[in-house]
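Structure, as C-alpha cells:
The values are calculated or read from the model by the stated rules, or taken from the named source; none is laboratory data. Worth saying up front: this structure is predicted, and the values here are computed from it rather than measured. All Cβ positions, even for glycine, are placed from backbone atoms using ideal geometry, and neighbour counts span all protein chains on display. SASA here: full protein model, heavy atoms, side chains in, ligands and nucleic acids out. Shrake-Rupley method; radii C 1.70, N 1.55, O 1.52, S 1.80 Å.
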Amino acid sequence: MQVHSIHFKSRARAAIADAGLQRGLAKVDGFAARRAVVVREFGDFETLRAEGAAVRDRSLANLDAWLERFEAEAARRGAAVLYAETGDEVAQLVIDICARHALKKAIKSKSMLSEEAQLNAALAAACVQPVETDLGEYVCQLAEEPPSHIIAPIIHKTKEDVAALFERKHARPRLAEAEALTREAREVLREHFLSADCGISGGNFLIAETGSVALVTNEGNGRMVTTMPRVHIAITGIEKVVPTLEDLCTLMRLLPRSATGQTISNYVSVLTGPRGAADLDGPEHMYVILVDNGRTGLVGSDMQEMLRCIRCGACMNHCPVYQTIGGHAYGWVYPGPMGAVLTPMLTGLENAIDLPQASTFCGACAEVCPVKIALPDLLRKLRERQVERALRPGYEMIALRAWAWLAQRPKLYAAASAFGVRALRAIGNAEGMIGAIPFGSGWTRGRYLPAPKSGRTFRALYARRKKPLGGARG
Amino acid sequence: MRVGLFVTCLVDLMRPGIGFAALELLEHAGCEVVVPATQTCCGQPGYNSGERDSAHALALKVLEEFERCDYVVAPSGSCAGMIRTHYPDLFRGEPVLLARIERLCAKTYELSDFLARVARIETVPGTYAGTVTYHDSCSGLRELGVKSQPRELLAKVPGLVLKEMRANETCCGFGGTFAVKMGDISSRMADDKCANIDASGADAVVLGDLGCMLNIEGRLRKRGNTRTRVLHVAEVLAGKVEA
Ligand code: SF4
C-alpha cells in the first residue's frame with residue numbers, strides 16, 4: 001500500500017465531516033463493550049496479559065533461533081519457507097510460485113502483509129486473479145478501498161453502503177438485510193472457491209516446535225482458502241513466531257477476547273505442511289513467506305516491544321482518536337495507536353510526521369493491549385526522534401523551548417506571566433471567553449479559550465496575603 | 001506533616017482560586033502547607049513533545065524546590081502523574097539523582113488522592129446545592145488510580161448529588177499540545193464529552209485537571225451551553241465555587 005500518512009490532518013478533517021463514516025465508527029464501541037464482559041468473566045486477565053507479554057518477549061529475544069527452528073520443522077513436514085525483505089519481494093515470490101505451478105486464480109483470506117505488499121495489484125498485473133474471501137475484505141476489494149481496521153476491515157461502511165455496492169458490482173437487485181447481503185456474497189464467492197488453484201492466507205502465529213502456521217478466523221473462509229486449492233501460500237511477518245504450541249494456547253486465550261470479545265474465534269486452524277499421504281484434503285504444496293519489511297530495524301532497539309503485537313485491534317477499539325477519525329486517515333495499512341507506532345517505524349518517520357502526534361496519551365490503549373505494549377511511551381519516543389531529526393515545524397520547537405527557558409527563570413517567569421494573564425483577560429468577551437489567540441487557531445477553531453478568572457496569578461495573590469496561611473513561604 | 005503545594009502552571013495563570021481552594025483543603029486536613037515561590041512548570045509539555053532536555057531541567061528544579069517536604073500535592077492528576085510516573089525515565093543513567101527523584105515520586109500525590117488516602121479527612125468545608133457529574137481525567141485515572149477518591153470526597157459535601165455520565169473515563173480530547181496541533185480532532189472529542197455531560201442533566205461537571213476544564217468549558221460554551229458549570233473538585237470540596 002502507498003503511504004499516505006503525510007496527509008493525516010486533512011484526511012482526519014474529511015473523516016470528521018463524513019456522516020456515513022461516523023455512523024459506521026459507532027460500531028467500535030460494541031467491540032469494546034464485549035471485550036469488557038469476557039475479560040470480567042475470565043477473572044485474572046492481568047496475569048494472563050503478563051504471560052502473553054512474556055511469551056512474546058521470549059520469542060523476540062531469540063528471534064533468529066526460533067525462525068530457524070520453524071523453518072527446519074516446516075521443511076521436515078514438506079512446507080517450503082521463503083524470506084522476503086520488502087513488500088515488493090513478497091509480490092515477486094508469490095508471482096514466481098504462481099508461474100511455477102501455472103496458477104491462475106488466487107482466493108485469499110485476510111492478510112495485512114498482503115496489504116503491505118500491495119499484492120492484489122501485483123497479482124493482477126501478472127495475470128493471476130486475486131479474490132478476497134473474507135467478507136469485509138471482499139467488500140474492500142469491490143469498493144477499491146483499503147481496509148480501515150485490522151480485524152473489521154469495513155467498520156467505516158454502513159449496511160446501506162454495502163447494499164449499494166453489491167447492487168452495482170453484482171448487477172443483482174438491491175437487498176436490504178445484512179444476512180441477505182452475506183448470502184449473496186457467499187453465492188458469488190462459491191464459484192471462486194471451486195475454481196481457484198491458489199490459496200493465499202496470512203498467519204496469526206508461527207509455531208517453531210512443529211513448523212505450523214496458526215490461523216484465527218470467524219467466517220470459515222480461511223479453512224477453504226488453505227485446503228481447497230492446489231497450492232497454499234501463507235504470508236506473515238517474521239515476528240509472529242512463538243516457540244511452542246503451549247505458547248500458542250496462552251496467546252489464543254488473549255487474542256479473541258481482546259479483539260472481538262469472543263472467548264474463542266469460530267475457527268482456529270493449525271496448518272502443518274501440505275496434504276500428507278493419509279490426509280483426505282489439503283493443498284499439494286505449501287509455502288510460508290516470512291516478511292521483514294522493516295521489522296528487523298526494531299529488533300534489539302528501544303522500540304522492540306512493538307513487535308509483541310498480536311494484531312488484535314483492541315488499541316484502536318479503545319482509542320478515542322481512532323473512534324473520531326477511523327482508520328483511513330492514518331494513511332497506511334495499520335491504523336490506531338499500533339499503526340501510529342508501526343507506520344513511522346516501517347515506512348520512515350519522515351513519511352508520517354503527524355502520526356506520533358495523533359494521541360492525547362490518554363493511555364486507554366496501553367490499558368487493554370493483551371501483550372502490554374506501552375503504546376504512549378513508544379509514541380513519545382518517536383516524538384523524541386522527531387525532535388532529534390528536526391522533523392517538527394520550527395515555530396513549535398521555538399515555542400516549546402521558549403516556554404522551558406522561561407520556566408527555568410522564576411523572576412522573569414513571574415513578570416511574563418503577570419503580563420500574560422492581564423493580556424489574556426483583556427481579550428476575553430463579556431462571558432470570559434476568548435475567540436481567537438495568535439498561533440492558537442488549532443484550539444479556537446472548535447472552542448473558546450476560557451480567559452483567566454483573575455487578572456492576577458496565584459503567585460502574585462499568594463505573595464500579597466498578609467498572614468501566610470501556616471508555614472513558610474518557600 | 002509538611003506538605004508542598006505544587007500549584008501547577010495552569011492554575012497559577014488561569015484559575016488561582018483553585019490553588020487557594022487546594023491550600024485551604026490541605027490546611028483543613030491539618031497539614032502545614034508550604035508553597036515554594038520559585039515553582040513554575042513540571043516540564044510535561046516538553047517531555048510529551050519529545051524535548052527531554054528541557055523536561056530534565058525542569059524536573060531538577062521541582063526536585064530542589066520540593067524534596068524537603070514530607071509530601072508534594074498538586075491539584076492535577078496530570079502534573080502529579082508527570083512527577084510520579086515519568087520523572088524517573090528522565091534520570092536513567094544518573095543513579096544518584098534517580099534515587100532522589102524516586103524518593104520525590106513516592107511522596108507525590110494528586111490532591112483528592114492525598115486527601116482521601118493519606119490525610120483521610122472525615123469532613124470537607126464545602127457545601128453544594130445541586131447535581132454534579134464527574135469526568136475522570138486520563139492521567140489521574142490511569143497513571144495514579146484516581147477513581148473512587150474524588151467520589152468519596154464529593155459524597156461528604158452536604159447537598160451534592162452525583163449523577164454519573166456515559167463514558168466518564170473517555171478522554172475529553174485535551175492532551176496538552178495535542179489540543180492545538182490536532183485541533184479538529186481534539187474539538188470533536190471534546191464535543192462527544194460535552195454531549196455526554198449535557199445528557200447527564202447535571203448542573204455542573206466536576207473534574208481534577210485544569211487542562212480538561214479549559215477544554216470542556218471552551219467547547220460547552222461554543223456549543224451554546226451557558227448553564228452547566230465547569231468546576232474543579234478542589235473548589236467544590238472547599239466550598240469556594242465562584243458565583
Ligand atoms: S498493539 Fe496491542 S492492542 Fe494494539 S493490536 Fe497490537 S496487540 Fe492488539
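Condition check for B:E67 on (1) closer than 29 Å to A:F419 by Cβ; (2) among the acidic types (D, E); (3) more than 8 Å from chain A (Cβ to nearest Cβ): one failure, at (1). Restricting the first member to segment A:302-328 and to residues that are at positive phi, and the second to residues that are not hydrophobic (A, V, I, L, M, F, W, C), the beta-carbon pairs closer than 6 Å and six or more apart or on different chains are A:G326/A:S148; A:G326/A:H156.
State whether one or more residues within segment A:330-349 are more than 9 Å from the ligand (Cβ to nearest atom), open to solvent by 20 Å² or more (accessible area, probe 1.4 Å), touching a helix residue (DSSP H, G or I) at 6+ places or on another chain (Cβ under 6 Å) and not assigned by TED's automatic domain parsing to the domain that holds A:Q262. There is no residue in segment A:330-349 that is more than 9 Å from the ligand (Cβ to nearest atom), open to solvent by 20 Å² or more (accessible area, probe 1.4 Å), touching a helix residue (DSSP H, G or I) at 6+ places or on another chain (Cβ under 6 Å) and not assigned by TED's automatic domain parsing to the domain that holds A:Q262. The residue of segment A:139-171 that is farthest from A:Q323 (Cα to Cα), among those that are more than 16 Å from the ligand (Cβ to nearest atom) and among the polar types (S, T, N, Q), is A:Q141. Applying the condition of being facing chain B (nearest Cβ under 9 Å) and not hydrophobic (A, V, I, L, M, F, W, C) to segment A:1-19 and asking which residue is nearest to B:R188 (Cα to Cα) yields A:R13. Filtered by the rule that a residue be within 16 Å of the ligand (Cβ to nearest atom), more than 19 Å from A:I150 (Cα to Cα) and part of a loop (DSSP other than H, G, I, E, B), segment A:295-319 gives A:L298, A:M303. For segment A:350-384, the set of residues classified as near the ligand (Cβ under 10 Å from one of its atoms) and touching a Gly at 6+ places or on another chain (Cβ under 7 Å) consists of A:P370, A:V371, listed by residue number.
Residue pairs whose Cβ atoms lie under 7 Å apart, separated by 6 or more positions or on different chains, with the first residue in segment B:176-193 and at positive phi and in the same structural domain as B:K222 (by TED's automatic domain parsing) and the second assigned to a helix (DSSP H, G or I) and open to solvent by 40 Å² or more (accessible area, probe 1.4 Å), are B:G176/B:P45. Just one residue in the set A:H192, A:H170 is open to solvent by 10 Å² or more (accessible area, probe 1.4 Å) and free of Cβ contacts under 8 Å to residues at least 40 places away in the same chain; that residue is A:H170. Among the residues of segment B:215-229, the ones that are open to solvent by 10 Å² or more (accessible area, probe 1.4 Å), on the phi < 0 side of the Ramachandran plot and of a type outside the set (S, T, N, Q) come to 7 in all. Residues that are at the interface with chain A (Cβ under 8 Å from one of its Cβ atoms) and either crowded, with 24+ Cβ neighbours inside 10 Å or in a loop (DSSP other than H, G, I, E, B) (or both) within segment B:34-47 comprise B:V35, B:P36, B:A37, B:T38, B:Q39, B:T40, B:C41, B:G43, B:G46, B:Y47, listed in sequence order. When each of A:R76, A:R100 is tested for being exposed (fewer than 15 other Cβ atoms within 10 Å of the Cβ) and farther than 26 Å from A:I207 by Cα, the lone residue that passes is A:R100. The residue that is farthest from the other protein chains (Cβ to nearest Cβ), counting only those in segment B:188-209 that are open to solvent by 10 Å² or more (accessible area, probe 1.4 Å) and part of a helix (DSSP H, G or I), is B:S200. Can you go through A:A414, A:A390 and tell me which one is more than 24 Å from the chain's Cα centre (by Cα) and more than 9 Å from chain B (Cβ to nearest Cβ)? Answer to the check: A:A390.
Each residue in segment A:385-396 was checked for being crowded, with 16+ Cβ neighbours inside 10 Å and without any contact (Cβ under 8 Å) to a residue 24 or more places away in the chain, and 2 of them qualify.
Restricting attention to segment B:98-150, report how many residues are outside any helix (DSSP H, G or I) and more than 18 Å from B:R2 (Cα to Cα). Number satisfying all stated conditions: 19. Only one residue in A:T250, A:T210, A:T226 is touching a Ser or Thr at 6+ places or on another chain (Cβ under 9 Å), assigned to a helix (DSSP H, G or I) and hydroxyl-bearing (S, T, Y), so which one is that? That would be A:T226, the only listed residue that is touching a Ser or Thr at 6+ places or on another chain (Cβ under 9 Å), assigned to a helix (DSSP H, G or I) and hydroxyl-bearing (S, T, Y).
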